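The values are calculated or read from the model by the stated rules, or taken from the named source; none is laboratory data. Keep in mind it's a predicted model, so treat the numbers as computed, not measured. To get the accessible areas, we keep the full protein, side chains included, count just its heavy atoms, and leave off ligands, DNA and RNA. Shrake-Rupley method; radii C 1.70, N 1.55, O 1.52, S 1.80 Å.
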Amino acid sequence: MNVTLPTAEALRTALAALLDGLPPKQAAQAVDRLIANYRGTTPTDAPVLRDRSDVAAYAAYRMPATFEAVRSALAALQDAAPDWVPATHTDIGGGTGAASWAVAGAWEGPRTTVLDWAEPALALGRELAGISGIPALRAAEWRRARIGAGLELAPTDLITVSYVLKELTADVRAALVDTAAAAAQAVVVVEPGTPDGYARIIEARDRLIAAGLKVAAPCPHNDACPIEPGTDWCHFSARVSRSSLHRQVKGGSLPYEDEKFSYVVATRFDPEPVRARVTRKPQIRKGQVLLDLCTRDEALRRSTVTKRHGELYRAARDIAWGDEWPPPHLPGPPGDSGRGIEG
(Lines give C-alpha, C1' and ligand atoms only; values in the text may rest on other atoms or scores of the structure.)
Protein backbone atom coordinates (compact mmCIF):
# COMPACT_ATOMS: atom_id res chain seq x y z
CA MET A 1 0.00 0.00 0.00
CA ASN A 2 1.26 3.48 -0.87
CA VAL A 3 2.37 5.10 2.38
CA THR A 4 0.74 8.37 1.32
CA LEU A 5 -2.68 6.74 1.28
CA PRO A 6 -4.95 6.37 4.33
CA THR A 7 -4.05 3.82 6.95
CA ALA A 8 -5.76 2.56 10.09
CA GLU A 9 -3.48 4.86 12.11
CA ALA A 10 -4.54 7.87 10.04
CA LEU A 11 -8.17 7.01 10.67
CA ARG A 12 -7.59 6.68 14.41
CA THR A 13 -5.83 10.04 14.43
CA ALA A 14 -8.72 11.69 12.61
CA LEU A 15 -11.24 10.13 14.99
CA ALA A 16 -9.30 11.27 18.04
CA ALA A 17 -9.12 14.82 16.72
CA LEU A 18 -12.80 14.99 15.91
CA LEU A 19 -14.12 13.23 19.01
CA ASP A 20 -11.88 14.90 21.58
CA GLY A 21 -14.04 15.81 24.56
CA LEU A 22 -16.77 13.25 23.90
CA PRO A 23 -18.44 12.69 27.33
CA PRO A 24 -17.55 9.10 28.33
CA LYS A 25 -20.92 8.38 29.99
CA GLN A 26 -22.91 9.62 27.01
CA ALA A 27 -20.68 7.70 24.63
CA ALA A 28 -20.98 4.51 26.66
CA GLN A 29 -24.78 4.71 26.70
CA ALA A 30 -24.90 5.23 22.95
CA VAL A 31 -22.47 2.37 22.38
CA ASP A 32 -24.60 0.03 24.54
CA ARG A 33 -27.64 0.79 22.40
CA LEU A 34 -25.68 0.37 19.19
CA ILE A 35 -24.26 -2.98 20.36
CA ALA A 36 -27.79 -4.20 21.13
CA ASN A 37 -28.89 -3.25 17.63
CA TYR A 38 -25.76 -4.65 16.01
CA ARG A 39 -26.23 -8.04 17.70
CA GLY A 40 -30.00 -8.14 17.37
CA THR A 41 -32.06 -9.92 14.76
CA THR A 42 -34.81 -7.44 13.90
CA PRO A 43 -34.37 -5.44 10.67
CA THR A 44 -35.33 -1.80 10.73
CA ASP A 45 -36.71 0.67 8.22
CA ALA A 46 -35.34 3.68 10.11
CA PRO A 47 -31.79 5.00 10.51
CA VAL A 48 -29.92 3.36 13.38
CA LEU A 49 -27.86 6.51 14.01
CA ARG A 50 -30.25 9.16 15.32
CA ASP A 51 -28.09 12.15 16.33
CA ARG A 52 -24.52 13.35 16.62
CA SER A 53 -23.88 11.57 19.94
CA ASP A 54 -24.97 8.29 18.35
CA VAL A 55 -22.78 8.96 15.35
CA ALA A 56 -19.74 9.95 17.41
CA ALA A 57 -20.06 6.82 19.53
CA TYR A 58 -20.55 4.70 16.43
CA ALA A 59 -17.48 6.19 14.77
CA ALA A 60 -15.28 5.39 17.76
CA TYR A 61 -16.87 1.99 18.29
CA ARG A 62 -17.19 0.65 14.75
CA MET A 63 -15.17 2.60 12.17
CA PRO A 64 -11.75 1.00 12.85
CA ALA A 65 -13.20 -2.52 12.68
CA THR A 66 -15.29 -1.83 9.58
CA PHE A 67 -12.26 -0.24 7.93
CA GLU A 68 -10.11 -3.34 8.54
CA ALA A 69 -12.80 -5.78 7.37
CA VAL A 70 -13.45 -3.86 4.16
CA ARG A 71 -9.73 -3.38 3.59
CA SER A 72 -9.28 -7.16 3.78
CA ALA A 73 -12.05 -7.70 1.22
CA LEU A 74 -10.55 -5.07 -1.09
CA ALA A 75 -7.13 -6.72 -0.81
CA ALA A 76 -8.73 -9.95 -2.03
CA LEU A 77 -10.22 -8.05 -4.98
CA GLN A 78 -6.81 -6.58 -5.78
CA ASP A 79 -5.27 -10.05 -5.71
CA ALA A 80 -7.96 -11.36 -8.08
CA ALA A 81 -7.74 -8.36 -10.43
CA PRO A 82 -4.30 -6.77 -9.95
CA ASP A 83 -4.52 -4.59 -13.07
CA TRP A 84 -8.00 -3.22 -12.39
CA VAL A 85 -8.26 0.26 -10.87
CA PRO A 86 -11.68 1.81 -10.20
CA ALA A 87 -12.18 5.41 -11.25
CA THR A 88 -15.51 5.77 -9.44
CA HIS A 89 -16.85 4.31 -6.20
CA THR A 90 -20.26 4.35 -4.55
CA ASP A 91 -20.47 3.50 -0.85
CA ILE A 92 -24.05 2.37 -0.17
CA GLY A 93 -25.11 2.89 3.43
CA GLY A 94 -21.62 4.26 3.99
CA GLY A 95 -22.48 6.21 7.14
CA THR A 96 -19.36 7.90 8.45
CA GLY A 97 -17.27 6.51 5.60
CA ALA A 98 -15.18 3.61 6.92
CA ALA A 99 -15.44 1.73 3.62
CA SER A 100 -14.55 4.87 1.69
CA TRP A 101 -11.39 5.23 3.77
CA ALA A 102 -10.55 1.62 2.90
CA VAL A 103 -11.10 2.26 -0.82
CA ALA A 104 -8.95 5.40 -0.68
CA GLY A 105 -6.27 3.28 0.98
CA ALA A 106 -6.39 0.63 -1.74
CA TRP A 107 -6.31 2.83 -4.85
CA GLU A 108 -5.28 6.41 -5.38
CA GLY A 109 -7.90 8.74 -6.77
CA PRO A 110 -11.30 6.99 -7.10
CA ARG A 111 -14.15 9.51 -7.07
CA THR A 112 -16.33 8.44 -4.16
CA THR A 113 -20.02 9.04 -3.47
CA VAL A 114 -21.29 8.06 -0.03
CA LEU A 115 -25.01 7.33 0.25
CA ASP A 116 -26.76 7.04 3.61
CA TRP A 117 -30.14 7.86 5.09
CA ALA A 118 -28.74 9.31 8.35
CA GLU A 119 -27.76 12.95 7.87
CA PRO A 120 -25.80 13.09 11.18
CA ALA A 121 -23.63 10.20 9.96
CA LEU A 122 -22.99 11.92 6.65
CA ALA A 123 -22.12 15.18 8.42
CA LEU A 124 -19.56 13.53 10.69
CA GLY A 125 -18.16 11.48 7.82
CA ARG A 126 -17.70 14.67 5.85
CA GLU A 127 -15.86 16.23 8.78
CA LEU A 128 -13.56 13.23 9.13
CA ALA A 129 -12.81 13.30 5.42
CA GLY A 130 -12.07 17.00 5.62
CA ILE A 131 -9.37 16.57 8.26
CA SER A 132 -7.93 13.42 6.66
CA GLY A 133 -5.56 15.29 4.35
CA ILE A 134 -6.44 12.77 1.62
CA PRO A 135 -7.57 14.47 -1.62
CA ALA A 136 -9.89 11.64 -2.70
CA LEU A 137 -11.69 11.65 0.66
CA ARG A 138 -11.89 15.42 0.84
CA ALA A 139 -13.43 15.46 -2.64
CA ALA A 140 -16.00 12.75 -1.85
CA GLU A 141 -19.70 13.52 -2.24
CA TRP A 142 -21.84 12.79 0.82
CA ARG A 143 -25.46 12.42 -0.21
CA ARG A 144 -28.59 11.55 1.72
CA ALA A 145 -30.57 8.68 0.18
CA ARG A 146 -33.02 6.10 1.41
CA ILE A 147 -31.17 2.77 1.26
CA GLY A 148 -33.54 0.12 -0.03
CA ALA A 149 -36.00 -0.66 -2.76
CA GLY A 150 -36.23 2.14 -5.29
CA LEU A 151 -32.66 3.34 -4.78
CA GLU A 152 -31.35 4.70 -8.08
CA LEU A 153 -27.64 4.30 -8.78
CA ALA A 154 -25.58 5.85 -11.53
CA PRO A 155 -23.16 3.50 -13.29
CA THR A 156 -19.97 3.15 -11.26
CA ASP A 157 -16.85 1.03 -11.22
CA LEU A 158 -17.00 -0.13 -7.60
CA ILE A 159 -19.82 -0.48 -5.08
CA THR A 160 -19.26 -1.26 -1.42
CA VAL A 161 -22.09 -2.40 0.87
CA SER A 162 -20.64 -2.92 4.33
CA TYR A 163 -22.62 -3.89 7.44
CA VAL A 164 -25.83 -2.66 5.80
CA LEU A 165 -27.87 -5.72 4.77
CA LYS A 166 -28.70 -6.62 8.38
CA GLU A 167 -30.66 -3.38 8.70
CA LEU A 168 -32.96 -4.32 5.80
CA THR A 169 -35.82 -6.73 5.34
CA ALA A 170 -35.28 -9.70 3.01
CA ASP A 171 -37.12 -8.23 0.02
CA VAL A 172 -35.34 -4.89 0.35
CA ARG A 173 -31.96 -6.66 0.64
CA ALA A 174 -32.65 -8.53 -2.58
CA ALA A 175 -33.66 -5.36 -4.42
CA LEU A 176 -30.58 -3.50 -3.19
CA VAL A 177 -28.16 -6.25 -4.27
CA ASP A 178 -29.84 -6.46 -7.69
CA THR A 179 -29.54 -2.69 -8.10
CA ALA A 180 -25.86 -2.76 -7.13
CA ALA A 181 -25.18 -5.63 -9.54
CA ALA A 182 -26.75 -3.70 -12.41
CA ALA A 183 -24.79 -0.51 -11.70
CA ALA A 184 -21.24 -1.67 -10.94
CA GLN A 185 -18.25 -3.41 -12.47
CA ALA A 186 -17.34 -4.78 -9.04
CA VAL A 187 -19.44 -5.24 -5.92
CA VAL A 188 -18.03 -5.81 -2.42
CA VAL A 189 -20.45 -6.88 0.32
CA VAL A 190 -19.31 -7.24 3.93
CA GLU A 191 -21.39 -8.44 6.90
CA PRO A 192 -20.65 -9.52 10.48
CA GLY A 193 -18.90 -12.89 10.74
CA THR A 194 -21.88 -14.57 12.37
CA PRO A 195 -24.10 -17.39 11.08
CA ASP A 196 -26.82 -14.91 10.10
CA GLY A 197 -24.26 -12.54 8.57
CA TYR A 198 -22.90 -15.41 6.48
CA ALA A 199 -26.45 -16.31 5.43
CA ARG A 200 -26.98 -12.78 4.12
CA ILE A 201 -23.66 -12.97 2.25
CA ILE A 202 -24.74 -16.23 0.60
CA GLU A 203 -28.04 -14.62 -0.42
CA ALA A 204 -26.13 -11.70 -1.93
CA ARG A 205 -23.62 -14.03 -3.61
CA ASP A 206 -26.42 -16.01 -5.25
CA ARG A 207 -28.06 -12.85 -6.57
CA LEU A 208 -24.79 -11.41 -7.87
CA ILE A 209 -24.08 -14.64 -9.78
CA ALA A 210 -27.64 -14.71 -11.13
CA ALA A 211 -27.09 -11.14 -12.39
CA GLY A 212 -24.10 -12.32 -14.42
CA LEU A 213 -21.24 -11.35 -12.13
CA LYS A 214 -18.36 -13.70 -11.31
CA VAL A 215 -17.11 -14.38 -7.79
CA ALA A 216 -13.61 -12.98 -7.30
CA ALA A 217 -13.29 -13.69 -3.56
CA PRO A 218 -13.24 -15.30 -1.13
CA CYS A 219 -14.49 -18.34 -3.03
CA PRO A 220 -12.27 -20.10 -5.62
CA HIS A 221 -15.36 -20.85 -7.74
CA ASN A 222 -18.86 -19.73 -8.77
CA ASP A 223 -20.52 -22.96 -7.66
CA ALA A 224 -22.82 -23.24 -4.67
CA CYS A 225 -21.16 -22.82 -1.29
CA PRO A 226 -20.19 -26.33 -0.12
CA ILE A 227 -21.03 -25.61 3.52
CA GLU A 228 -24.21 -27.40 4.55
CA PRO A 229 -26.63 -24.80 5.93
CA GLY A 230 -26.80 -24.86 9.70
CA THR A 231 -23.59 -26.84 10.18
CA ASP A 232 -21.00 -24.07 9.86
CA TRP A 233 -20.42 -20.66 8.33
CA CYS A 234 -17.67 -19.05 6.29
CA HIS A 235 -16.04 -16.07 7.97
CA PHE A 236 -12.66 -14.45 8.43
CA SER A 237 -10.82 -12.31 10.95
CA ALA A 238 -9.06 -8.93 10.81
CA ARG A 239 -6.83 -7.61 13.60
CA VAL A 240 -7.88 -4.14 14.78
CA SER A 241 -5.56 -1.97 16.86
CA ARG A 242 -7.39 -0.05 19.57
CA SER A 243 -6.62 3.57 20.32
CA SER A 244 -7.09 4.89 23.86
CA LEU A 245 -10.35 6.48 22.70
CA HIS A 246 -11.49 3.17 21.25
CA ARG A 247 -10.71 1.36 24.51
CA GLN A 248 -12.51 4.05 26.48
CA VAL A 249 -15.67 3.89 24.42
CA LYS A 250 -15.75 0.08 24.24
CA GLY A 251 -14.64 -0.52 27.81
CA GLY A 252 -11.83 -2.87 26.78
CA SER A 253 -8.30 -3.17 28.11
CA LEU A 254 -6.47 -5.05 25.32
CA PRO A 255 -4.60 -2.97 22.71
CA TYR A 256 -6.32 -4.88 19.90
CA GLU A 257 -9.40 -6.86 18.95
CA ASP A 258 -10.23 -9.32 16.19
CA GLU A 259 -13.09 -8.39 13.90
CA LYS A 260 -14.92 -11.41 12.49
CA PHE A 261 -16.58 -10.77 9.15
CA SER A 262 -18.07 -12.53 6.12
CA TYR A 263 -17.83 -11.10 2.62
CA VAL A 264 -18.22 -11.61 -1.09
CA VAL A 265 -16.58 -9.82 -4.03
CA ALA A 266 -18.06 -10.21 -7.51
CA THR A 267 -17.10 -8.60 -10.81
CA ARG A 268 -18.45 -8.04 -14.34
CA PHE A 269 -15.00 -8.75 -15.76
CA ASP A 270 -13.11 -12.02 -15.45
CA PRO A 271 -11.21 -12.21 -12.15
CA GLU A 272 -8.47 -14.67 -11.23
CA PRO A 273 -9.72 -16.35 -8.03
CA VAL A 274 -7.32 -18.14 -5.73
CA ARG A 275 -6.63 -21.86 -6.20
CA ALA A 276 -7.74 -22.50 -2.63
CA ARG A 277 -8.38 -20.34 0.42
CA VAL A 278 -7.64 -21.04 4.07
CA THR A 279 -11.02 -20.98 5.83
CA ARG A 280 -9.93 -21.53 9.45
CA LYS A 281 -6.98 -20.62 11.63
CA PRO A 282 -4.15 -23.00 10.61
CA GLN A 283 -3.25 -25.66 13.18
CA ILE A 284 0.51 -25.93 13.66
CA ARG A 285 1.62 -29.28 15.00
CA LYS A 286 5.05 -30.84 15.41
CA GLY A 287 6.39 -31.33 11.89
CA GLN A 288 3.11 -30.53 10.17
CA VAL A 289 0.50 -27.86 9.53
CA LEU A 290 -3.20 -28.62 9.11
CA LEU A 291 -5.06 -26.34 6.74
CA ASP A 292 -8.83 -26.18 6.24
CA LEU A 293 -9.39 -25.12 2.65
CA CYS A 294 -12.12 -24.19 0.24
CA THR A 295 -10.91 -25.40 -3.16
CA ARG A 296 -11.94 -25.22 -6.80
CA ASP A 297 -12.22 -28.94 -7.43
CA GLU A 298 -13.07 -30.64 -4.17
CA ALA A 299 -14.91 -27.97 -2.24
CA LEU A 300 -14.00 -28.15 1.48
CA ARG A 301 -10.86 -30.10 2.27
CA ARG A 302 -8.39 -30.64 5.09
CA SER A 303 -4.79 -30.42 3.84
CA THR A 304 -1.78 -31.66 5.80
CA VAL A 305 1.55 -30.05 4.92
CA THR A 306 4.61 -31.75 6.41
CA LYS A 307 8.35 -31.08 6.59
CA ARG A 308 8.92 -33.26 3.54
CA HIS A 309 7.19 -30.56 1.47
CA GLY A 310 10.16 -28.26 2.11
CA GLU A 311 9.47 -24.67 1.07
CA LEU A 312 5.74 -25.35 0.99
CA TYR A 313 5.92 -26.43 4.66
CA ARG A 314 7.78 -23.26 5.60
CA ALA A 315 5.13 -21.22 3.82
CA ALA A 316 2.36 -23.11 5.62
CA ARG A 317 3.83 -22.17 9.00
CA ASP A 318 3.43 -18.50 8.05
CA ILE A 319 0.05 -18.75 6.30
CA ALA A 320 -2.91 -16.95 7.85
CA TRP A 321 -6.65 -17.48 8.02
CA GLY A 322 -8.15 -16.12 4.80
CA ASP A 323 -4.97 -16.36 2.72
CA GLU A 324 -4.58 -18.02 -0.65
CA TRP A 325 -3.05 -21.50 -0.59
CA PRO A 326 -0.47 -22.17 -1.75
CA PRO A 327 1.14 -18.73 -2.07
CA PRO A 328 1.11 -17.72 -5.75
CA HIS A 329 4.90 -18.05 -6.10
CA LEU A 330 4.89 -21.70 -5.02
CA PRO A 331 3.64 -24.82 -6.84
CA GLY A 332 1.59 -27.46 -5.08
CA PRO A 333 3.00 -30.80 -3.95
CA PRO A 334 3.91 -33.35 -6.66
CA GLY A 335 0.85 -35.10 -8.09
CA ASP A 336 -1.44 -32.29 -7.04
CA SER A 337 -2.55 -31.39 -10.60
CA GLY A 338 -1.89 -27.72 -10.03
CA ARG A 339 -4.39 -27.33 -7.17
CA GLY A 340 -1.69 -26.63 -4.64
CA ILE A 341 -3.13 -28.89 -1.91
CA GLU A 342 -2.62 -32.37 -0.59
CA GLY A 343 -4.92 -34.39 1.58
* Solvent-accessible area, 1.4 Å probe, carbon plus sulfur percent, for segment 119-162 -> 49 percent
* For Thr267, Thr306, Thr231, what's the largest-to-smallest order of accessible area, 1.4 Å probe? -> Thr231, Thr306, Thr267
* Taking H placed 1.01 Å from N in the peptide plane, check which residues at least 5 places from Trp325 or on another chain put their amide H under 5 Å from its amide H. => Arg275, Ala276, Arg277, Val278
* Structure fact -> With x for Gly and Pro, the residue-by-residue ³J(HN,Hα) of segment 213-230, computed from phi through the Karplus equation 6.51 cos²θ - 1.76 cosθ + 1.60 at θ = phi - 60° and given in whole Hz, is 7, 10, 6, 9, 6, x, 6, x, 7, 9, 6, 4, 4, x, 6, 6, x, x
* What does the accessible area per residue of segment 50-109 come to in Å², with a 1.4 Å probe and no ligands, DNA or RNA counted? -> 27 Å²
* Asked: Per-residue accessible area for Glu203 at 1.4 Å probe radius, Å² rounded to 10?
  -> 80 Å²
* Asked: Taking θ as phi - 60°, what are the ³J(HN,Hα) couplings along segment 152-157 by the Karplus curve (6.51, -1.76, 1.60), each to the nearest whole Hz, with x for Gly and Pro?
  -> 9, 10, 6, x, 8, 6
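Given segment 105-264, report the % of alpha carbon pairs whose separation exceeds 25 Å.
Tail fraction, whole percent: 40.
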* Looking at segment 98-146 from every direction and averaging, what is the projected area of its Cα convex hull in nm²? -> 3.0 nm²
* Asked: Residues of segment 142-244: accessible area per residue at 1.4 Å, in Å²?
  -> 41 Å²
